[in-house]
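Worksheet: one structure, shown below.
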Amino acid sequence: MEDCLAKKMEITVSEAEKRTGRNAMNIQETYTAYLIETRAVESQIEGQCAPVESLWRRYSEFELLRNYLSVTYPHIVVPPLPEKRADFVWHKLSADNMDPDFVERRRIGLENFLLRVASHPVLCQDKIFYAFLMKEGGWKEMVNETGFQLKADSRLKALNATFRVKNPDKRFTELKHYSDELQSVISHLLRVRARVADRLYGVYKVHGNYGRVFSEWSAIEKEMGDGLQSAGHHMDVYAASIDDILEEEEHYADQLKEYLFYAEALRAVCRKHELMQYDLEMAAQDLTSKKQQCEELATGTVRTFSLKGMTSKLFGQETPEQREAKIKVLEEQIREGEEQLKSKNLEGRDFVKSAWADIERFKEQKNHDLKEALISYAVMQISMCKKGIQVWTNAKECFSKM
C-alpha cells in the first residue's frame, strides 16, 4: 500500500458542470461533465507548490474505465461507480439525474471511485487509469487499442458455464450466496431508511404546524403572547432543519449503496471463475475422449456404441496404415491437450490465489466502512433526538413564564 497512487497524488473531482453537445449518433443531448484535479504529494512535502493538473470527464468515460478494469483484472473486486440515476430515493427528494443535489452526490461518488482505484495495490499501477487522470485527449483510443472488448465474456457464455460446471468450487459458491445476501440486506435497509425518513419528515412538519399555531395564537393573547411567540419560534427553527438533516442522511444512504453495487462486482469474480472451471472441465473431457479413441484404435476394440463402430461393421475395418496414421494424429492431439490442461490448471490456481487475496482485502474494507457509516448514522439520529428534546425543553420554559 506504500506504493499506491493515492499516497503519491491528491485526486479530487472538484466540480460538476451541465453541458450540451452532440453524441455519436449526432443527436443533441444534455450531459454533466466532471472536473478531475490531481496534484503530486511529493512536491508539497518538499515545501514546493505543486501545480494542479485538471481535465473534464463525462460519466460515460468513467463507465468505460471501469469496464476496462473489470475485463483486464477479472480476479479483482473492482470498485463500483455511483448510480447513473437515483434509486432507493426518499420520495420527497428529486430522482432527476440533472437535479443539483443528485449531481453533487454523484460527484462525491465519482471521486470516491477514483480514490478506491488509486488505493488498490494492483489497479493503481494500471497505465490506462493513470492516463484517465492525466491525458485530456487520446485516452479512449488507448483503451480501445488494448482490445479489452474482445476479451469480455458474453452473458450467455457465463450463464451456460453456471449451469454446466460439474465440480464448482465451494468457496466461490458460498461467495455468490454471500453477495446475494449482502445485496438483499442492504436493499431492505435502504427501503426501511426511506420509510423512516418519510415519517421523520412528517414529525418535523407537525412541529412547523405547532409553530404557526403558536404564532397566530400569540396575536390574540396579551399576557401569554410573548411566551407563545417564543415557543413558536423554537418550533419553526426545528421544522426548518429537516432538509439539511435528510440531505445528510442521503450521504449515509450513498455509502450503503456503494456496497449494494459491490455485490455485483463480487458476482463478476464468481462468474469468471465458473467460466474458467467450465473450460477446464471441457478440456479434460476432450482429452479423455481422445485417449479412449487412441486406445480403441490401438487394440481394435470399441468400448461404447458409436457411429464409427457401425461404419466399420458395414464397410469393413480400416487398413493398418490408416489406423496407424490416425493414432499418430491422436497422439499429437493428446500431447497438445495435456499441455493445454496443465496450462489451464495452472491458470485456475493462480486465479483462485489472486482472487481470494483480493476478496479478503475487500471484506476487511467493507467491515471497516459499513461499521463507520452505521455508527455515524446512529450518532446523527441521537443528535437529532437531543435537538428535539431541547426544543420542547425551551418551549416548556416559554410556557412556564406565562
Helix 242-299 against the longest principal axis of the chain: what's the angle in degrees, Cα atoms only, rounded to the nearest 10? 10
Place a +1 charge on the Cβ of each Lys and Arg in the chain and a -1 charge on the Cβ of each Asp and Glu, then give the dipole magnitude about the Cα centre in debye, rounded to the nearest 20. 1300
Net charge near Gln255, counting Lys/Arg +1 and Asp/Glu -1 over other residues with Cβ under 12 Å of its Cβ? -2
Taking K and R as +1 and D and E as -1, what net charge do the other residues with C-beta under 10 Å from the C-beta of Ala373 add up to? -3
How big is D for the range 229-281, in µm² s⁻¹ as a whole number, if Stokes-Einstein is applied with the Kirkwood radius of its Cα pairs at 37 °C and 0.692 mPa s? 218
Excluding Arg267 itself, what net charge comes from residues whose Cβ is under 11 Å from its Cβ, given Lys and Arg +1 and Asp and Glu -1? 0
Enter the Cα centre distance for the pair the range 49-81 and the range 251-269, rounded to the nearest angstrom. 16
Relative contact order [Cα under 8 Å, 6+ residues apart], the chain, whole percent: 18
Largest-first principal axis extents of the Cα set of the chain (Å): 122, 52, 46
Mind checking which lysines have their Cα closer than 18 Å to the Cα of Lys342? Skip sequence neighbours fewer than 8 apart in that chain. Lys290, Lys291, Lys353
Over the Cα atoms of the range 310-402, what is the Rg over Rh ratio if Rh follows Kirkwood? 1.76
Just need the relative contact order of the range 107-237 here, percent rounded to a whole number, with Cα pairs under 8 Å and 6+ apart. 12
Restricting things to alpha carbons, find the Rg to Rh ratio for the range 98-190 using the Kirkwood radius for Rh. 1.06
Which far-off residues, 5 or more places away or on another chain, put their amide H under 5 Å from the one on Met9, with H placed in the peptide plane? Val41
Could you name the aspartates and glutamates whose alpha carbon sits less than 19 Å from that of Lys272, not counting residues in the same chain fewer than 8 places away? Asp153, Asp169, Glu174, Asp180, Glu264, Glu281, Glu347, Asp350, Asp358, Glu360
Share of carbon and sulfur in the accessible heavy-atom surface of the chain [1.4 Å probe, %]: 54
Sequence neighbours fewer than 8 away in the same chain don't count; with that in mind, list the lysines whose C-alpha is under 23 Å from Lys140. Lys18, Lys84, Lys127, Lys151
Rank Tyr130, Ile36, Thr288 by how far each Cα sits towards the positive end of the charge dipole of the chain (+1 on Lys, Arg Cβ; -1 on Asp, Glu Cβ) and give me just the farthest. Thr288
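The values are calculated or read from the model by the stated rules, or taken from the named source; none is laboratory data. What you are looking at is a predicted structure, and each value in this text was computed from that prediction instead of being measured. Positions of Cβ are backbone-derived with ideal geometry, glycine not excepted, and every protein chain shown enters the neighbour counts. Just the protein is used for accessible areas: all its heavy atoms, side chains included, with ligands, DNA and RNA removed. Shrake-Rupley method; radii C 1.70, N 1.55, O 1.52, S 1.80 Å.
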